[in-house]
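Participant: Handing you this structure, nothing more for now.
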Amino acid sequence: MVVFKYNAISPKQDPLTNVLSFSAGAKEILQFAAIDRLSRDENGILQGFQRPQVVNHIREIKDYLSKKDAILPNSIVVAFTSGVQVEKTSLEGISEVIITVEGKPKGLVVDGQQRLTALSQIEGKDFEVLVSCIVCHSEEELRRQFILINNTKPLPKSLIYELLPTVDGLPPRLSSRSMASSLSERLNFDENSSIHTMIKMHTNPSGIIQDTIVQKMIMNSLENGALREIVSQPDGTDESFQLISDFYQAVTEVFPEAWYRQTPRSSRLVHGAGIIAMGYVMEHLYFSEQARSVSDFKQGLSLLEGKTSWTSGTWNFGDRQPKWNELQNLNRDWMALSNYLLAVIKKVQREVVNCSAN
């Protein structure tokens, strides 16, 4: 067992969460705090919440801090849920922090991973850094602090979004994405999903379809579409998952050549433009044809056969005719492709209605 003691500034903030500040050396910090990188266990459960190391960035920091006149005013933020005791002293605003380490470190580095890694690699230099210590009352609070602290910094958005479903009580602009993130996570890791493991996430870098694109498609539906109607019902989350999974199962069966063994570079169906546009197709078929199953969606999607240019050819958008691979992840291309696909379906639907009337 190792015990560390520090005199720390303790400002008055949240009564349930202690915030303290003291100084310590990098190697000392790593004895009581771990850099816990985001991953999933064998059951797909989220573990950790840090970004991967960036080797070049760490090397640059190390080169600078190795200099004689180097300073580092930025603090390392460490969070604990246990293993820390805070004792008041006779001085106002000053507390004694007692950190007990038995086995693995109890603390987790919330911010400053790369600075801390760089510092730990410097030999023969007595260099202390400021440590901002947060003593949280629960694991959820720890994750919440990580998201709020890092949300304004250049962290990968996919990392932040992947954590959202594990935390409550976030600002509206983040909580509004939480449902979309939760659904996309389930679509990716549930073995019953038609797009199982196909979504590229921080914990699934080998995926094909970018998670933020899937989330945008889901958010469009949650805001003013089928999922908005479904999700508030009993078992609404399960039904939302099933609807999306069934729709994309139909997509794979109607357009197998443009889906299987393809990447966003080789097929615009698995590209951001295609995913967003097909989301609007799902909405249209859900409301106009009451499509609810794979067979329902296949019937509607069959109206697009022979009229798409997912992997070759040219799109005819009326005012412009871009080559198949010129479509980009831009709002203009999303909407142009969506309008084209919906126009094709609606035209055939009108013709069927007219034939029936005659």
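The values are calculated or read from the model by the stated rules, or taken from the named source; none is laboratory data. This is a predicted model, so every value here is computed, not measured. Counting neighbours? That spans all protein chains shown, and the Cβs are built from the backbone with ideal geometry, glycine included.
Participant: From (1) closer than 24 Å to residue 220 by Cα; (2) surrounded by fewer than 15 Cβ atoms within 10 Å (Cβ to Cβ), pick out the condition that doesn't hold for residue 294.
Facilitator: Looking at each condition in turn, residue 294 falls short on (2).
Participant: Quick check on this structure: which one of 270, 254 is surrounded by 16 or more Cβ atoms within 10 Å (Cβ to Cβ), out of contact with any strand residue (DSSP E or B) (no Cβ under 6 Å at 6 or more places or on another chain) and assigned by TED's automatic domain parsing to the domain that holds residue 334? Steps first, answer last, please.
Facilitator: Details: 270 fails: out of contact with any strand residue (DSSP E or B) (no Cβ under 6 Å at 6 or more places or on another chain).
Matching residue, one of 270, 254: 254.
Participant: Count, please, the residues in region 86-105 that happen to be free of Cβ contacts under 8 Å to residues at least 24 places away in the same chain and either touching a Lys or Arg at 6+ places or on another chain (Cβ under 9 Å) or more than 15 Å from residue 11 (Cβ to Cβ) (or both).
Facilitator: Residues meeting the conditions: 3.
Participant: Oh, and also: Please go through region 102-154 and pick out each residue that is out of contact with any strand residue (DSSP E or B) (no Cβ under 6 Å at 6 or more places or on another chain), over 23 Å from residue 56 (Cβ atoms) and of a type in the set (Asp, Glu).
Facilitator: Passing the criteria: 102, 126, 139, 140, 141.
Participant: On the basis of being surrounded by 13 or more Cβ atoms within 10 Å (Cβ to Cβ) and small (Gly, Ala, Ser), does residue 279 make the cut? Write out each step before concluding.
Facilitator: Details: surrounded by 13 or more Cβ atoms within 10 Å (Cβ to Cβ): yes; small (Gly, Ala, Ser): yes.
Against the criterion (surrounded by 13 or more Cβ atoms within 10 Å (Cβ to Cβ) and small (Gly, Ala, Ser)), residue 279 qualifies.
This table checks each residue for (1) surrounded by 20 or more Cβ atoms within 10 Å (Cβ to Cβ); (2) among the hydroxyl-bearing types (Ser, Thr, Tyr); (3) modelled with pLDDT of 90 or more.
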residue	(1), (2), (3)
41	no, no, no
49	yes, no, no
96	no, no, yes
103	no, no, no
109	yes, no, no
133	yes, no, yes
136	yes, no, no
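Participant: Turning to a different aspect of this structure: Just need a number here: residues in region 322-358 that are of a type in the set (A, V, I, L, M, F, W, C) and either in a loop (DSSP other than H, G, I, E, B) or touching a strand residue (DSSP E or B) at 6+ places or on another chain (Cβ under 9 Å) (or both).
Facilitator: 3
Participant: Is it the case that region 295-307 has a residue that's within 31 Å of the chain's Cα centre (by Cα), in the same structural domain as residue 244 (by TED's automatic domain parsing) and farther than 20 Å from residue 259 by Cβ?
Facilitator: So far as region 295-307 goes, no, none of its residues is within 31 Å of the chain's Cα centre (by Cα), in the same structural domain as residue 244 (by TED's automatic domain parsing) and farther than 20 Å from residue 259 by Cβ.
Participant: Take the residues in region 16-39 that are in a loop (DSSP other than H, G, I, E, B) and modelled with pLDDT under 75; name whichever of them is farthest from the chain's Cα centre (by Cα).
Facilitator: Going through the qualifying residues, I end up with 16.
Participant: Specify which of the listed residues (335, 278) is closer than 18 Å to residue 214 by Cα, modelled with pLDDT under 95, assigned by TED's automatic domain parsing to the domain that holds residue 210 and not polar (S, T, N, Q).
Facilitator: 335
Participant: Out of 178, 182, which single residue is under 13 Å from the mean Cα position of the chain (by Cα), modelled with pLDDT of 85 or more and farther than 23 Å from residue 264 by Cβ?
Facilitator: Working: 178 fails: modelled with pLDDT of 85 or more.
Within the list 178, 182, the selection yields 182.
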